[in-house]
Amino acid sequence: MRVFWFLLFALVNLACLGLFVVSPWLGWWLPKNIASFGQDVDNLFYLILAATGFFFVVTQSVLALAILRYGERPGEKSRYTHGHTGLEITWTLIPLAILIYLGFAQVPTWAKMKYINVESWFPIRYSGKNLQQDQSICLVARQWEWRLRYPQGHIPADQNQWAENGDPGDLHAVNELHVWKNSQVRLHLKTEDVIHSLFLPNLRLKQDALPGKTMPVVFQAIEANVKWDPVAGHLVPLGPGLEWEMACAELCGGQHYRMRGRLFVHESKQDYEKWFAQALKNQRLRELPKQVAAREGGNR
Amino acid sequence: MSLHQETPHSPGFIRKYIFSEDHKTIGIQFLFSGMIFFGIGGLLAMLVRLQLAWPEGNIPWLGQWYPKSWGGRMSPDFYNMLFTMHATVMIFFVIIPWLTGAFGNFLIPLMIGARDMAFPKLNMLSYWAMIPAFVIIVASFFVEGGGASSGWTSYPTLADASLQKPASAAKPGEAYSVLKDDAYNSPAAPGAGMGQIFWLTSLLLVGLSSMMGSVNYITTILNMRAPGMSLLRMPLTVWSLFITAILQALALPVLTVALILQLLDKLIATTFFLPPGGISFGNWHTVPGGGMPLLWQHLFWFYSHPAVYIMILPAMGIVSDVITAFARKPLFGYKPMVYSLAAIAALGFVVWGHHMFQSGMDPRLGTGFMLATILIAVPSAIKTFNWLATLWESRIRYTAAMLNALAFVSMFVIGGLSGIFMAATPVDAYFHDTYFIVAHIHYVLFMSSIFGVFAGVLFWFPKMFGRTMHEGLAKVHFALTFLFGNLTFFPMHILGIGGHPRRYYDPTIYQYLEHLQPLNQFMTICALVLGAAQILFLVNFLGSLVFGKKAGINPWESNTLEWTVPSPPPHGNFPEPPTVERGPYEYAVEGPADFLPQAKEKPPEAGA
Ligand code: HEM
Ligand SMILES: [Cu+2]
Ligand SMILES: [Cu+2]
C-alpha cells in the first residue's frame, strides 16, 4: 500500500505540473497581449510561476519521497529530534528574501498600470504626475451594458467636468470601445447602479466601477485589429482571430455574464477619425443625441 | 471546578443530548449539523457545475425539473443564488462550525485536562444560537425572490439597494416609505430582497454563536489547564484553536457591525453603503445616500480575511497532531510552528486590502497590502517545511487519518502558492475575479481544510463514539477524494489563466472562452464523482457509529491527554485530574513503547 500512496501523491502532483506544461501548447493560456504594460505583467506572472513552480516541485517531491521511504518497519523507530535551529533560520530567510524580491518587483508595473509615476522601484516613491494622454472616453456601466461616450477632438477641455455632464456633441455607443493603436487612452469609468468591473483580458486590465465615483483607467493598445472601410461603411478586421472582448468581472445581477463588449483598435488615428466622423453622422441622422443627452444630463 | 467534585450525576435524555452543557455533546452537535449542511452545500455545488458544463440547458434529466418559466434552462438569477448559497453554507455552516464548533468544543477541555469549558451554559447557548440561523438560512431559499444571490461577499449596492420611495415622491410631512409595500424588494436582483434580509439575519446569529464560543475557548485555555500543562506544552490543535478564537473575537465585531449596517440599509432605508448621488436602475432612482459602497468591502474583508485563517488554522493544528501520531516522530520545530501560527494570525489583520486591489481603493495603498500579503507566505512556508521535516526519517503508519493529513500538506502547498500570484498587484489585475481565485479558494478550503477535517474525524472518532471508522472504506474515500478533487479543481487554474471570469452563468458567449468549454465539462464530470464519493464518508461515519470496531482508550498510541480517559469520556472527562509532565510529541523515545504520554503515570491501581 505504501507504494500505492506514493504513486497517488506523486502522479496526481505530476499531472498538475503536466497540465501547466501542456496548456500553453493547447492554447489554454493567457490571451494575446496588446497592452503597452502587458508584457511587463506577463513577465511578472512568469517570474512568480517560476518561483512557485520551484517550491511546488521541491515540496511535493520531498513529501512523496517521505511517503515512499519512511514506511513503518517492525522494530525500527523514527529519528528522535525536536527540530533544528539552523534549518528553521534557513527556510525562513530564503523564502523571505525571494518573496520580498517578488513584492518589490511588482511596484513599477503597478505604477504604470495605475497612472502614477514611480521614480525608482525602491524605496517606493510615487510622484502622482499625470501621464501623457491622447484620448478621453467616458464609460458608464449599468445593468447590463457598457455605455460609451466619445468627445469631439479626443480630449475635452475640462475632463472632469465633461466626464460628469457630457457635451451635446459627444458620440454615443453601446458595448463598443474604439481607440487607435498606440493611443494613450484615459477612460472615465462610472456606474449608474451597482458595482461592475471592466475587464479587458487582452489589455491585462481590470477596474471596478464604483457607484458615486469616477475611476480613472489608463491603457495603451499596441496592436490594431480593425480598419474602417469608408466605401462599404463598416469595420473590417485586420486578420482572423483578432476579436478582442470586454467583460464584466464583478457580479452585478442576473445578466452579469452578458455584459459582453468589444474592443476595436484602429490601425491609426486617421482611421479612427474616419470611423468617428461617420458614426457621428449616423447618430445625428438618428437624432439620438438629444434623447441620450437629455437622459444623461437629467441624471446628475 | 470544584463544584463538580461529586460523582457525575446522569442527566436525562433531553439534558444529555439536546440541551446539553457538556462540551463533548455540543461538539458532536456541531459535527452533525455541519454534515447536514455539507450535504446541502454539496448539492448546490453540483447544480452550479452542471450549469457551467452545459449552459445551453440540454442537461439530460435535470431539465425536466426546471420551472416552466425558465424555458428549459436554469435562470441566471437562480444560478447566482446557487453559488452564493453554496459559499455561504460551506463557509459559515460547515467549515467554521466544524473546525471551531465541533473540534474546538470536543477537544479543548480534553486536551488540556479540564473537566469542561469555563462557561458550560454559554457553550450550550453558542450551539443554540445556531439553530435559528439554520432555520433562517434554509427558509431563505423559499422566500419571495429566492435566496440571497449577491455572492457570499454581498457587495452593495447590488446586495442592499432597496425599493424605498425616493424622498421626492413622499408627500409633504410623510417620512418617506419605510417598510411599506414592496419596499423589501430590490431593484437590483430578485435575491437581493427578502432573501438578502434572511441571509444577513442568519449570519448575525452565526456570528453571535462564534463569539460565545470564542470567549469560552479563550477563557478555558487560559484558566483551566491541568497542572503542568504550560502554554508551550499544549498540543498544536489547542494552540491553533486558541489563536483562532482570538482572531474571531477581534474580527467578528467588525463583521457584525457591517451586517447590521447592511440590514439597516435594507430594513429602514439608512444609506450607509449608498453614495451621495444615489443610484438609478433605468427610471427608478433611489434616495440620495450618505455613505459609500467601498465601506462595506473594507468592513467585510477586515473580518473575512482573518476568517479565511479561522477556516484553516485549526486544520493546521489537527494535521500537526495527526501527522506526529502516525509518523511516530516528535513534531519538528514545535516553537516555530506555534510562532508561525501566531504570525499568520497577526499578519492576517493587515492584509484585507488584497481583496480590493481593483476595487477603486487608492493604488498606493494596494502596494502596502501587497507587501503584507506576500509576507504571510513566509509563516505558511515555515509550517510546510516543518511538516515535511517531521515526516523525514519517520516511520509512517498509513492510516486513513494520516493519508488525509498528508493530503492537507500537499494541497496547502498548492493553495498557498497560488495566493502569491494574486497578492502581486499587477498580476492580480488580470486574475482577480477569474477562475484562478476559485481554484485558490478550493485548494485552501476544500482540499486543505476539509482534508484536515476528515483527518480529525477519523482520528478522534474513537474518542467521540468509542468505535473506530472502517479503515478500508475510509481509504477508498480518501483516494477518490484526492484524485477527483484535484481533477476538479486544478484545471480551474488554467481557466483562470485563460481569463475565465468567476460567477458566470454562461461563459460560452465569449469567443475568447469558447475553447475552454471542454475543460468545464471535464471538471463537472469529475465534480460529480467527487460529490458522490462523499457518500462513502457518510456511510462509513454513520455505519461505524453502530458497527464500528470497539476502540480502546488509546487506539493510536498517542500522547495527548484525551487518550488517557475512556472512549467516549464520561461526563466530567477526567475521573482523576491529570498532571502533565512533558510536551505532547514524545514519540520515538527509548524503551519498549515508542511513545511517552503527556500525563504523569497514574499509580498502578488507577491505571487502565
Ligand atoms: C500564502 C497564503 C495566501 C495568500 C498569499 C493569499 C492571497 C490571496 C489573495 C491576494 C486573494 C484575493 C484575490 C483576488 O480577489 O483577486 C485571496 C483570496 C482568497 N483567499 Fe487567499 N491567500 C492565502 C491563503 C489563503 C488561505 C489559507 C485561505 C483559506 C483557508 C484563503 C482563502 C481565500 C479565499 C476564500 C479567497 C477568496 C475570497 C473571495 O471570494 O473573493 N487564502 N487570497
Ligand atoms: Cu457584472
Ligand atoms: Cu484574504
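At a glance:
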item: Which numbered condition B:W352 fails, given (1) open to solvent by less than 10 Å² (accessible area, probe 1.4 Å); (2) under 30 Å from B:P97 (Cβ atoms); result: (1)
item: Residue match in segment B:308-321 (condition: within 11 Å of chain A (Cβ to nearest Cβ) and away from ligand 3 (no atom under 16 Å from the Cβ)); result: no
item: Restricting segment B:363-374 to residues that are open to solvent by 10 Å² or more (accessible area, probe 1.4 Å) and at the interface with chain A (Cβ under 7 Å from one of its Cβ atoms), the residue that is modelled with the highest pLDDT; result: B:L371
item: Search result, residues across segment A:51-67 that are open to solvent by 60 Å² or more (accessible area, probe 1.4 Å) and over 30 Å from B:R328 (Cβ atoms); result: A:F54
item: Residues being open to solvent by less than 10 Å² (accessible area, probe 1.4 Å), in a helix (DSSP H, G or I) and at the interface with another protein chain (Cβ under 7 Å from one of its Cβ atoms) - total across segment B:479-500; result: 5
item: Residue in segment B:300-310 that is away from ligand 2 (no atom under 16 Å from the Cβ), over 21 Å from the mean Cα position of the chain (by Cα), at pLDDT 95 or above and among the hydroxyl-bearing types (S, T, Y) present; result: no
item: Residue match in segment B:52-75 (condition: within 23 Å of B:L495 (Cβ to Cβ), open to solvent by less than 60 Å² (accessible area, probe 1.4 Å), at pLDDT 85 or above and assigned to a helix (DSSP H, G or I)); result: yes
item: Tally, over segment B:552-590, of residues that are over 19 Å from B:A327 (Cα atoms), β-branched (V, I, T) and assigned to a loop (DSSP other than H, G, I, E, B); result: 3
item: Output for segment B:558-583, where each listed residue is more than 26 Å from B:R397 (Cβ to Cβ) and open to solvent by less than 60 Å² (accessible area, probe 1.4 Å); result: B:P570, B:G572, B:N573, B:F574, B:T579
item: Any chance B:A102 is within 16 Å of ligand 3 (Cβ to nearest atom) and within 17 Å of the chain's Cα centre (by Cα); result: no
item: Condition met for A:K114 (buried (at least 16 other Cβ atoms within 10 Å of the Cβ), at pLDDT below 95 and either within 11 Å of chain B (Cβ to nearest Cβ) or away from ligand 2 (no atom under 16 Å from the Cβ) (or both)); result: yes
item: Residue tally, condition surrounded by fewer than 18 Cβ atoms within 10 Å (Cβ to Cβ) and within 30 Å of B:P109 (Cα to Cα), over segment B:520-554; result: 11
item: Which listed residue is touching a Gly at 6+ places or on another chain (Cβ under 7 Å) and at the interface with another protein chain (Cβ under 9 Å from one of its Cβ atoms), from B:G360, B:G333; result: B:G333
item: Filter result (more than 7 Å from chain B (Cβ to nearest Cβ), open to solvent by less than 70 Å² (accessible area, probe 1.4 Å) and over 29 Å from B:R328 (Cα atoms)) within segment A:85-111; result: A:A97, A:I98, A:F104, A:A105, A:P108, A:A111
item: Only listed residue being small (G, A, S), over 23 Å from B:G104 (Cβ atoms) and within 15 Å of ligand 3 (Cβ to nearest atom), chosen from B:S394, B:S418; result: B:S418
item: Counted residues, segment B:343-374 - those being assigned to a loop (DSSP other than H, G, I, E, B) and either near ligand 1 (Cβ under 9 Å from one of its atoms) or touching a residue at least 12 places away in the same chain (Cβ under 8 Å) (or both); result: 7
item: Any chance B:S380 is assigned to a helix (DSSP H, G or I), near ligand 1 (Cβ under 10 Å from one of its atoms) and open to solvent by 10 Å² or more (accessible area, probe 1.4 Å); result: yes
item: Residue in segment A:263-275 that is within 16 Å of ligand 1 (Cβ to nearest atom) and modelled with pLDDT of 95 or more present; result: no
item: Single residue of segment B:390-413 satisfying the filter (in a helix (DSSP H, G or I) and at the interface with another protein chain (Cβ under 7 Å from one of its Cβ atoms)) that is nearest to A:L44 (Cα to Cα); result: B:V413
item: In segment B:286-304, residue nearest to B:F332 (Cα to Cα) [restricted to those that are surrounded by 22 or more Cβ atoms within 10 Å (Cβ to Cβ) and within 13 Å of ligand 1 (Cβ to nearest atom)]; result: B:Y303
item: Any chance B:M469 is away from chain A (no Cβ under 14 Å) and either over 22 Å from B:S380 (Cβ atoms) or more than 11 Å from ligand 1 (Cβ to nearest atom) (or both); result: yes
item: Evaluation of A:K206 against (1) within 11 Å of ligand 2 (Cβ to nearest atom); (2) touching a strand residue (DSSP E or B) at 6+ places or on another chain (Cβ under 9 Å); (3) at the interface with chain B (Cβ under 7 Å from one of its Cβ atoms) (one fails), failing number; result: (1)
item: Residue within segment B:257-271 that is surrounded by 24 or more Cβ atoms within 10 Å (Cβ to Cβ), over 30 Å from B:L236 (Cβ atoms) and within 16 Å of ligand 2 (Cβ to nearest atom) present; result: no
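Condition check ((1) more than 7 Å from chain B (Cβ to nearest Cβ); (2) surrounded by 13 or more Cβ atoms within 10 Å (Cβ to Cβ)) across all residues:
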residue	(1), (2)
A:W5	no, yes
A:C16	no, yes
A:F20	yes, yes
A:W29	no, yes
A:N33	yes, yes
A:R69	yes, yes
A:G75	yes, no
A:G83	no, yes
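Okay, residues lined up against (1) at pLDDT below 95; (2) among the β-branched types (V, I, T):
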{"position": "B:S140", "(1), (2)": "no, no"}
{"position": "B:T157", "(1), (2)": "yes, yes"}
{"position": "B:P172", "(1), (2)": "yes, no"}
{"position": "B:G191", "(1), (2)": "yes, no"}
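The values are calculated or read from the model by the stated rules, or taken from the named source; none is laboratory data. Small disclaimer: the values here were computed from a predicted structure and weren't measured. Every residue, glycine among them, receives a Cβ derived from its backbone with ideal geometry; neighbour counts consider all protein chains shown. Ligands, DNA and RNA are excluded from the accessible area calculation, which covers all protein heavy atoms including side chains. Shrake-Rupley method; radii C 1.70, N 1.55, O 1.52, S 1.80 Å.
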